[in-house]
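> My questions will all concern the structure given below.
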Amino acid sequence: MTNTLSPRVTALSLNCIALLSLISLSGCTSMGIEPWVKPYERQNLADPIMRFNRHPSASMHMAHVLEGRESARGAEGTGGGGCGCN
Amino acid sequence: MVVTNFINKGVKLLAVLLVSMTSLSVQAAVLDPDRADVLYHSYEGGGMTIDGPSVLLRKKTSESVAFTAYYYLDSISSASVDVISTASAYTEKRNEGQFGVEYLHDKTLMSFNLRQSDEDDYLAQSFSINVSQDTFGDLTNLNLGLSYGDNEIKRNGDDQFEEQSEQYRIRAGINQVLTRNLTASINVEAIADSGYLNNPYRTVRYVDNSVPSGVAYQAEVYPETRNSFAAKLSASYFLPYRAALFFHYRHFNDSWEITASDVELGYRHPLGDSLELEFKVRYYQQTQAEFYSDLFPYRDAQNYLARDKELSDFSDITYGIGITYQLPASVSFGNTRSEASLQWDYIDFQYNNFRDPTADGGVGNEPFYGFSANVIRAFVSVYF
């Protein structure tokens, strides 16, 4: 069986994440980029209707339903971890 | 070896982020509000009926510590196409419990979660650690998580059967405010499984001309490792007339040569002060696992054998609608605020190389299988 996801690819992905995170954490302000949306401009984003996970119990249920019926898993943004769906 | 490298990389990544986070000067953020959710869920489709309750309780004990408890029950009655072709229908229950704690320090949120799922023939236990950090004027949120799970697999009616599997997960994400109306996020997650990954009840079928039916069955054989990687792009947009538009795209591939992607579009629309409507449509498609076949040419035709329809080439489409009603103060408890919600999803599955063995047509020439499912959730949320 061909291994389509080699350890090298995984390692490269993780290193990219670490690098991007470092740049985001400490690099933006040092590069002269300032936050462009001010706190007083965020009332629309703070509206409850904009919440991805507005109903967490319902999201967890739907993730569980799909986890047992589809092969893709991961990066859902919700819990996950073992479906117990023999 | 793969798993060891995986953990080493994960630990290094965690260390890098923690060092970076401690170097930031920050102001305090806040924990999510206390809430309780009581939910009834129901799934019906493809010969399976699953329903039960779930309860979620979240409570802050201070401005920096919150606890979460979650209980979930599945009552399963199954006569799915996989089961009725080689075995009998069955019923069972699955209990799941979770306990979590969150700790907020300035703009760093750390959480720890324990989970257990228990069935007659399957015990899954896992823990996860997540760290997230607001930064760059709170325009950016970074998160990182690790999970470990241990599973004990049994087979009803066979006391000698006992197998184990393990799962490691590492995930990271970045959420970015792009404009005053638009946010986007990218999440990635790598998962490594090892051990017994089969379903102990399922079989593959192969051509056998020595029996009248022309087909015989043998147990599935899966590889003992599976490594997968998923990346998801999400965006949410605030529309000028106070409504929200959501978009998700995820790409997935794994060492079993399954490649999958799904795309989802959602829309949330308030009606007056107390009603909120939600609509969504989602499309998913995947390719088959390298060792999958609907009908093998003979017994032990290859080292690994699978005929799980979940490992076949298929697609599904989901249409969903939901309504949330903010209950008037007169029916809420004390000073709490309460909502009642109803959500319905219709999912249609179409398989491209999994045939319906119960249909006519002759072995290997039956029509391709397909089914639809209705998924319903009714729940009450109380914020206090």
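> Using Cα springs under 10 Å in a Gaussian network model of chain B, which residue among B:Phe161, B:Phe247, B:Phe112 shows the largest mean-square fluctuation?
Of B:Phe161, B:Phe247, B:Phe112, the most mobile in the Gaussian network model is B:Phe161.
> Which pairs, out of B:Lys232/B:Lys280; A:Lys38/B:Lys107; B:Lys60/B:Lys107; A:Lys38/B:Lys280; B:Lys60/B:Lys232, put more than 25 Å between their alpha-carbon atoms?
With Cα atoms farther than 25 Å apart: A:Lys38/B:Lys280; B:Lys60/B:Lys232.
> Considering the options B:Ala172, B:Leu182, B:Leu146, tell which one lies farthest towards the positive end of the dipole of region B:144-186, charges being +1 on Lys and Arg and -1 on Asp and Glu at the Cβ, about the Cα centre.
B:Leu182
> Continuing with this model, one more query. Report, by chain and number, residues whose modeled amide H sits under 5 Å from the one on B:Asn352, excluding near sequence neighbours (fewer than 5 apart, same chain).
Residues meeting the amide H criterion: B:Asp313, B:Phe314, B:Ser315.
> Among B:Thr324, B:Thr259, which comes first, then next, by fewest other beta-carbon atoms within 10 Å?
The order, fewest Cβ neighbours first, is B:Thr259, B:Thr324.
> Summarise the long-distance tail of P(r) for region B:237-384 by giving the % of C-alpha pairs beyond 21 Å.
Above the 21 Å cut-off, region B:237-384 has 61 percent of its Cα pairs.
> Another question, if that's okay. Out of B:Leu305, B:Leu144, B:Leu31, any idea which swings most in a Gaussian network model of chain B, alpha carbons joined below 10 Å?
Fluctuation is largest for B:Leu31.
> Taking every pair of alpha-carbon atoms in region B:228-309, what share in percent sits in each 5 Å bin, from 0 to the bin with the longest distance?
Going from the shortest bin to the longest, the percentages are 3, 12, 16, 13, 11, 10, 9, 8, 6, 5, 3, 2, 1.
> Bin all alpha-carbon pair distances of region B:141-205 at 5 Å intervals from 0 and give each bin's fraction as a whole percent.
4, 13, 16, 13, 12, 10, 9, 8, 7, 5, 3, 1, 0
> Residue by residue, what Karplus-based ³J(HN,Hα) values in Hz, rounded to whole numbers, does region B:323-338 have, using 6.51, -1.76 and 1.60 with θ = phi - 60° and x for Gly and Pro?
Here the 3J(HN,Hα) series is 9, 10, 10, 7, 5, x, 4, 5, 9, 8, 7, x, 9, 7, 10, 10 Hz.
> Using only the alpha-carbon atoms, how far is helix B:2-22 inclined from the longest principal axis of chain B? Give it as 0 to 90 degrees, nearest 10.
Helix B:2-22 sits at roughly 10 degrees to that axis.
> With 10 Å bins from zero, work out the P(r) of chain B over every alpha carbon pair and list the percent per bin.
4, 16, 29, 27, 15, 6, 2, 0
Readers should treat all values here as calculations from the given coordinates under stated rules, not as data from a laboratory. On a predicted model such as this, the values are computed, not experimentally measured, just so you know. Note: ideal-geometry Cβ built from the backbone for every residue, glycine included; neighbour counts use all protein chains shown.
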